[in-house]
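Asker: For reference, the structure I am asking about is given below.
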Amino acid sequence: MMNRNRIADRRLAWLLIALLCVPLAAPAQVTRIEAPKNKFSPAQDVQLGRQAAAEVERQMPILPEESDVDNYVERVGQRLVAAIPREYQHPEFRYSFDVVNARDINAFALPGGPMYVNRGMIEAARNEGEMAGVMAHEISHVALRHGTAQATKQQSPGIQLGAIGGAILGAIIGGNVGSIIAQGTQFGLGAYLLKYSRAYETQADILGAQIMARAGYDPRDLANMFRTIEEQSGSGGPEWLSSHPNPGNRYERITEEARRLRVDPSRAVQDTAAFNQIQSELRRMAPAPTMEQIARNQQSSSQGGRQRYPENARIDTRIEPPSNSYRTYAGGNLFSVAVPANWREFAENNSVTFAPDGAFGNFQGQSVFTHGAIVGVVNTGGGNLREATDRYLSALLQNNQYLSPQGRYQRGRIDGRNALLVTLAGTSNVTGRGEIVNVYTTLLRNGELFYLINVAPRDQYRDYDQAFQAMLRSVRING
């Protein structure tokens with residue numbers, strides 16, 4: 001995780017720049033919105049949002065901080081924040097914007113300011129104005145404090161601040177209003193909190209339109225995005241609209257508010273070169289998982305389950321060599337790595353395996369692979385790099401007893417950090433061939449061990465070494 005002070009400084013700089021760019025709307029013309037009653041304080045919104053955000057970033061695949069995509073979305077977000085009308089600003093709130101590597105057309109914001117935009121939402125938008133429209137709508141829910149206002153309406157003495165945080169996360173992770181994860185009362189509460197009322201949706205539509213106009217966007221792009229979502233969401237229905245119900249005449253109401261704001265569409269920000277570049281970058285990446293897949297992986301992990309390769313996967317003797325083109329894999333908010341474009345990925349807990357077709361399968365009740373790499377993070381109980389690597393290596397050899405170390409540790413670097421390399425070798429009981437396994441390790445700032453493991457048959461290792469070295473050079477670690 002990068003230094004949070006640097007992130008705060010960066011966001012402050014963007015906010016100051018955004019303030020200089022915000023055009024003035026006609027305040028006498030706009031619709032006046034009254035924030036709903038709320039028994040919680042703004043400081044409690046911040047506390048609640050931080051609690052839920054920490055869990056979101058632990059459980060969901062967040063694109064790395066300071067990536068081009070993250071920087072772009074942060075800039076657009078801070079421009080919109082600078083345009084919040086003064087009467088709806090809360091000095092305690094800290095708005096932040098991150099991108100979730102999820103396919104679904106969705107976005108959500110937490111009390112106090114943290115916002116998460118699904119990659120699928122960015123890819124679905126037709127221009128920057130449409131994407132900004134969704135973000136302005138979500139910012140409006142935060143500024144009007146709709147999350148804790150929902151809890152206030154519930155008027156239940158059993159609703160405590162801590163329970164709300166877990167409940168909100170449950171509804172987010174659970175896909176369509178908590179349908180994937182367990183149906184306990186906590187997750188039921190989360191569904192209630194995040195499924196805004198139609199009255200709140202009307203407020204967020206109107207304030208979102210005002211924020212867009214003040215930030216230099218055409219509010220009509222917010223209305224257009226609703227239609228884009230409906231058109232591109234497929235037969236499963238639009239997930240974002242399931243928690244943001246149409247209050248009726250939504251398109252017409254936003255269009256009318258745009259007239260009140262006297263927006264000149266010819267001067268509004270709509271499409272930009274930066275937006276087109278980010279869309280192209282996202283589409284070059286491997287397909288993102290769905291929220292349902294993310295939820296099932298989390299449920300399996302929490303139950304101690306083990307994700308296996310597809311049941312029909314079979315080890316083959318004919319393996320396609322590594323592609324000369326690469327794609328970037330983002331491992332949550334911890335690391336990113338470039339991998340051959342023809343390798344598939346299989347995430348499990350805090351690691352991910354990359355392997356070509358025919359190199360992975362289930363053998364004697366175990367998931368195995370014969371060519372490829374594993375990248376992950378493990379808690380080894382602390383200590384220096386050598387001690388942590390010793391403990392990890394001991395566990396690795398215990399589970400793969402056909403392997404043995406070939407010489408001592410070698411020193412190296414991973415993303416500018418001190419690293420160790422040890423080579424293992426043995427005869428694979430899956431293929432009956434000699435196998436080379438190179439294990440690279442380095443420490444994260446929190447004491448956990450980052451590792452990258454390369455695997456290939458001995459007689460083919462040279463054919464794979466170029467890809468393995470490219471992966472090693474590409475590793476970027478955020479923790």
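Asker: Note down the nm distance, to one decimal, between modelled labels 7 Å out along Cα→Cβ at Arg198 and at Ser280.
Answerer: Distance between label points: 4.4 nm.
Asker: Moving on. Where does region 27-144 land on Rg(C-alpha)/(2.2 N^0.38 Å)?
Answerer: Expressed relative to 2.2 N^0.38 Å, the Cα Rg reads 1.08.
Asker: While we're looking at this one, here's another question. Order these peptides, 432-443, 83-94, 251-262, by their mean beta-carbon neighbour count within 10 angstrom, highest first.
Answerer: Working: 432-443: 19.8, 83-94: 14.8, 251-262: 17.1.
The densest-packed peptide leads the list: 432-443, 251-262, 83-94.
Asker: Return the long-range amide H neighbours of Thr272 (sequence gap of 5 or more, or a different chain), with a cut-off of under 5 Å between placed amide H atoms.
Answerer: Here Glu128 satisfy the definition.
Asker: Right, another one. Which whole-angstrom value gives the distance between the alpha carbon centres of region 47-96 and region 364-423?
Answerer: So the two Cα centres are separated by 36 Å.
Asker: What is the percent of Cα-Cα separations in region 395-440 that go past 12 Å?
Answerer: On the way: 667 of 1035 pairs.
Cα-Cα pairs of region 395-440 separated by over 12 Å account for 64 percent.
Asker: Please give the contour-minus-distance gain from Arg413 to Glu66: 0.36 nm per residue of separation, less the Cα-Cα distance, rounded to one decimal in nm.
Answerer: 122.8 nm
Asker: Follow-up. Using the Kirkwood radius over C-alpha pairs as Rh, can you work out the diffusion coefficient of region 415-479 via Stokes-Einstein at 37 °C, viscosity 0.692 mPa s, in µm² per second?
Answerer: Numbers: Rh = 13.0 Å.
Rounded, D is 252 µm²/s.
Asker: Can you figure out the FRET efficiency of Ser323 with Glu34, using R₀ = 60 Å and their beta-carbon distance, to the nearest 0.05?
Answerer: 0.55
Asker: What fraction of the Cα pairs in region 338-479, stated in percent, has a spacing above 22 angstrom?
Answerer: In whole percent, the long-distance tail amounts to 36.
No value in this document is a laboratory result; all are computed from the given coordinates. Model, not experiment: these values are computed from the prediction. Counting neighbours? That spans all protein chains shown, and the Cβs are built from the backbone with ideal geometry, glycine included.
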